[in-house]
Structures are given as structure tokens and as C-alpha cells.
Amino acid sequence: MRRFFLLVLLVPVLLLSSCVMSNVGAPTAAPFTPDPSGNVAVFTPDTGVTPDGNATVPADGTNSVVTPIDSWTEGTPAPTSQSGSGPLSGLVICVDAGHQETGLTEKEPCAPWGPEANSKVNNTTMKAKATSGTSGVSTKKTEYAVNLEIALKLRDALEAKGATVVMCRIDNSSSISNRERALMANEANAVLTFNIHCNGSDNSSVSGVEIYVRGTGDNTSEYAERSKTDAALGQKLLDRIIAATGAKKRNVNKSDSYTGINWRDHTTFIVECGFMSNPEEDVLLSTPEYQDKFVSGIVKFVTDDYLNG
Ligand SMILES: [Zn+2]
């Protein structure tokens, strides 16, 4: 009797779970249409399909991030949190924790534009898809792990203000190239990307925060204007971070060398949060209180300078 009762209970459960499984097991990729020049990725609108078929959208309607992705395919929707309420409601922001545990030595084009636009850095300039970064002289921690700790705090703080956040990775085992991360942010219509990194130097006394923004790019006047705007915003961002942390203020640098900047169609900051080669700063970068201060500086920039500047 008891066995029969269990069977009656079990059959509907099994049927139900197999339905769920079949829904998530076969993701349908959205059509991907390369630009005729072959340079620019153009995406069709969201189909609502999660990127890898394993991700699930929260059913409770809360403002939480779609579950982790280990990889992402061009042309599929980017995983984003749902828009919440607050001053940043409706704003889509990408948070990209630099590097990952396992580098990808295969190479990819560093920029979307051709050699005729920029002879120094263009789509024939190939760079490794992903690297694992530096490590801490005191903590012995890896940069990719510290980057992720700060990035997750930043995600939570931005979401608490109502922002929709695109996380390029939320674990260290992800396998996503720098170009894919950029296209992921573009696809989600992000207006800002914070690409979180930590620095390294041969000189252990070097410390402080520095920021990279786009440089000459495709040499058009439009690109020059974007570079100017991003550099001015970068200065404000740097000021907010320094005010929040008391760290040494370094520079805002324009550069064409970063795949993660070149492929993004919106304002992108590579934030070098500090030097893991400096014994004291390395420890600070892994301290939750310091990470909170750092994040509060970035959020202050978004609410007070980016939105109201
Ligand atoms: Zn780095």
C-alpha cells in the first residue's frame, strides 16, 4: 500500500521534471548577422532564450541575476538581472570581472575596424582570447579571484539602486573571451561597462588606481568625441574612487590596445583597482571593507556624475 502510494506521488513528479528538462536542454540561438564589412556584430532582438540552456530567469520577479554562465555564444541574448526600482532603474550596466582561471591562448581580433582606419591596432591585430592575470605578492591570491569579489559587490550595489546588470562572469571557471564579453554587453544595450582589474609592477612600491578608456580607434571624428567624453567621465570616476578609498591617484589613460574596450559600443572603463605587487595594497584589495569603499566610489560616480553630470 505504501509502495503504491509512493508510486502515485512519483509519476507526476517525474513527468513534470522531464518537461522542464526538455525546455532547457535545447537552446535556440538567435540569428546572428555579421555586418557586410565583416567588422561589426549585429544582433537580432532578444528571443527570451537563455544563453546556454542552463540559465534560468528568476520566477519570483526579484531583481536578481540570471544564473551563471560558463560560456556565451554570439547572437544569443546576454544574461541580465531584471530592472529594479531606484535612481538607476532602467539603466543597463555591464560589470566585467577581468580574466578567468583558465586562459584561452587562441587569438581573436583586437578591434572591429580594419587596417585602413588604424594601422597600429585593427582587426588583423590578434590577441589572446583570455588570460589569467597577475597574483598577489602578500595574499598569493589570483587577480581573477579578487576581480570577481569586487565585481560581485559592485553588481549587488548597482542592483540595490535599481540598475539592470550584465555580468560577464560570476565564477572563476568561466570560459569567455574578451571579445565575447564585449559583444555580450553590446547585445544587452549596456550604456556603461566597468571592467574590473588589479595591476602588477616590477616595482613593489608602486600603488594606486588607474583607468583606461578608448583612444583613437577607427580615427573618425565620432570616435575622437567618444574618447574625449569617456576620458572626462573617467576622471570623475577616478576622483570618486580616490575620495572613497584614499588610494593614490594615478592617471586616466587613452588606449587602443584593449579588446574589451575596442569592441564595446558604449562608454567603457578598465578600472585597475590597485597593485597586487605592492604588499600593503595587495592585502587591502582583498579586504571586504576596502572593497566596499571601492564599490561605493563607483556607485557614487554613476548616481551623481553619470546620471546628473
Ligand atoms: Zn588584469
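Does N253 satisfy the condition of being in contact with a helix residue (DSSP H, G or I) (Cβ under 9 Å, 6 or more places away or on another chain), surrounded by fewer than 18 Cβ atoms within 10 Å (Cβ to Cβ) and under 30 Å from K127 (Cα atoms)?
yes
Residue by residue through region 76-108, note down the ones that are crowded, with 17+ Cβ neighbours inside 10 Å, at pLDDT below 95, away from the ligand (no atom under 16 Å from the Cβ) and not aliphatic (A, V, I, L, M).
T76, P77, P79, T80, S81, S83, G84, E108, listed by residue number.
Please verify whether T245 is within 14 Å of the ligand (Cβ to nearest atom) and within 22 Å of E289 (Cβ to Cβ), treating the condition exactly as stated.
For T245, the condition - within 14 Å of the ligand (Cβ to nearest atom) and within 22 Å of E289 (Cβ to Cβ) - is not met.
So if I check each of V137, V146, which one is within 16 Å of the ligand (Cβ to nearest atom), assigned to a loop (DSSP other than H, G, I, E, B), in contact (Cβ under 8 Å) with a residue 40 or more places away in the chain and farther than 18 Å from L183 by Cβ?
The match here is V137.
Take the conditions within 16 Å of the ligand (Cβ to nearest atom) and either under 17 Å from the mean Cα position of the chain (by Cα) or closer than 30 Å to A160 by Cβ (or both) and apply them to T131. Does it pass?
So T131 fits the description; yes.
Could you list all residues from region 200-214 that are away from the ligand (no atom under 15 Å from the Cβ) and among the charged types (D, E, K, R)?
Passing the criteria: D202, R214.
Which one is farthest from the ligand (Cβ to nearest atom) among residues in region 159-199 that are more than 13 Å from the chain's Cα centre (by Cα) and among the hydrophobic types (A, V, I, L, M, F, W, C)?
A160
The rows are residues; the columns are (1) assigned to a loop (DSSP other than H, G, I, E, B); (2) not hydroxyl-bearing (S, T, Y).
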| site | (1), (2) |
| --- | --- |
| L88 | yes, yes |
| E101 | yes, yes |
| K107 | no, yes |
| P115 | yes, yes |
| T124 | yes, no |
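The values are calculated or read from the model by the stated rules, or taken from the named source; none is laboratory data. Everything quoted here is computed from the prediction, not taken from an experiment. Glycine gets a Cβ as well: all are built from the backbone with ideal geometry, and neighbour counts include every protein chain shown.
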